[in-house]
Amino acid sequence: MKKIVLSLFLLGSVSSTAIANVCDYSSIEGIEYKVKDRYAKYVKNDFKAFPDKEWISQGALEDYLPLIKNPFKVTDTLAVTRASESYRTFLSDFRFKDIVVDGHAYYTDAYFNVEVTTSNCEKFYFDASGMDLDSFKYKFDRNDNKPITVKNYFDFLGGVLEPSEIEAKSKYDEFEGKTIVKTDYFDNYLIRGYYDSSKKKYDFIQVYIDLTSFTKSPNSTEERTFNFIRLAKDTDTKSHNVIQISHDVECTPNSILGCSLKEAIAVDVDENFLRKHKNGFRLKLIGNYSVEEEIIGDVVKAFLDETDQLRRSK
């Protein structure tokens with residue numbers, strides 16, 4: 001009887017070892033990462049343990065312990081799960097998200113997930129939608145404790161992340177006798193202007209910005225007023241006129257953020273300002289409190305390139 005028990009024990013040990021090495025983890029190329037302690041209890045917000053199930057059927061936190069307790073490597077950046085497939089249908093409006101990486105325009109595609117494999121050969125699927133470099137650093141560490149680099153970020157996201165091709169287009173308005181120049185909408189803003197070809201200059205140029213403010217903060221119980229932007233300043237301390245285009249108030253019962261104000265504003269700038277800041281600029285938007293808005297160089301250059309093309313064609 002002892003021999004039988006011993007044989008079963010040895011067989012079980014061999015089987016466990018075989019299962020643990022079924023993915024040949026040591027031969028998987030790439031950087032090894034680990035989940036940061038502060039992010040561990042939130043991994044279910046972004047990771048899926050069951051690729052063939054919907055979001056609501058992704059198990060309990062206990063199902064993610066292999067991910068939390070073990071290092072892992074990226075094994076696929078174009079993985080499609082049943083949950084992520086919904087971004088091609090009823091969630092298609094939320095599939096792409098604009099982000100800025102190293103001062104340039106990119107977007108993430110939520111249809112694809114990052115597949116990671118843990119050192120004990122468990123697979124999990126990460127939804128990297130909208131994750132910028134700072135968020136990446138907040139959630140993960142390299143297992144060798146070296147600093148995370150921009151290259152690590154690009155390699156981790158792989159096919160999920162794509163560069164955005166920001167363009168500007170011009171259209172002649174025969175009723176105004178002017179040409180409207182407008183960039184693509186990126187993140188929450190665009191640049192537009194009315195160009196007078198007879199004078200070879202702009203009547204006006206504006207940075208059009210969509211903003212949202214709330215009456216509550218998730219980190220505070222204090223009520224606050226809506227922002228209502230009235231003025232903008234640049235880092236040269238110059239003031240820019242702000243035009244209120246529209247605003248819309250929405251209140252959701254029991255929301256931790258209270259009521260929301262969505263406001264569209266236009267900040268006046270001129271061509272000389274854009275050429276001086278062709279690599280991008282920051283604006284301080286001042287209302288009942290202040291917020292900063294970064295306008296990246298890709299958008300500025302698209303507007304200036306279309307302007308130069310317009311002048312050459314006239």
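Quick note: the coordinates plus some simple rules give every number you see, no bench work behind them. Here the structure is a predicted model, which is why all the values come from computation and not from measurement. Reconstructed Cβ throughout: ideal geometry from the backbone, glycine too, with neighbour counts over all protein chains shown.
Some values worked out for this structure:
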quantity	calculated
Selected from 77, 149, 252 as most flexible by GNM, with the chain as the system and alpha-carbon contacts under 10 Å	252
Charge dipole (debye, nearest 20) of region 73-221; +1 at Cβ of Lys and Arg, -1 at Cβ of Asp and Glu	220
Under the Debye formula (equal points on every Cα, no solvent term), log10 I(q)/I(0) of the chain at q = 0.07, 0.14, 0.15 Å⁻¹	-0.42, -1.18, -1.26
Helix 297-313 vs. the chain, principal-axis angle (Cα, 0 to 90°, nearest 10)	40
Cleavage-rule hits (GluC sites (Glu not before Pro)) in region 92-186: DSSP loop, at most 10 neighbouring Cβ within 10 angstrom	165, 174
Test item: Cα-centred dipole of the chain, Lys/Arg +1 and Asp/Glu -1 on Cβ, debye	580
25 °C / 0.890 mPa s Stokes-Einstein diffusion coefficient of region 66-165, Kirkwood radius on C-alpha pairs, µm²/s	174
Cut-off 10 Å between beta-carbons: net charge of the residues surrounding residue 108, Lys and Arg +1, Asp and Glu -1	-3
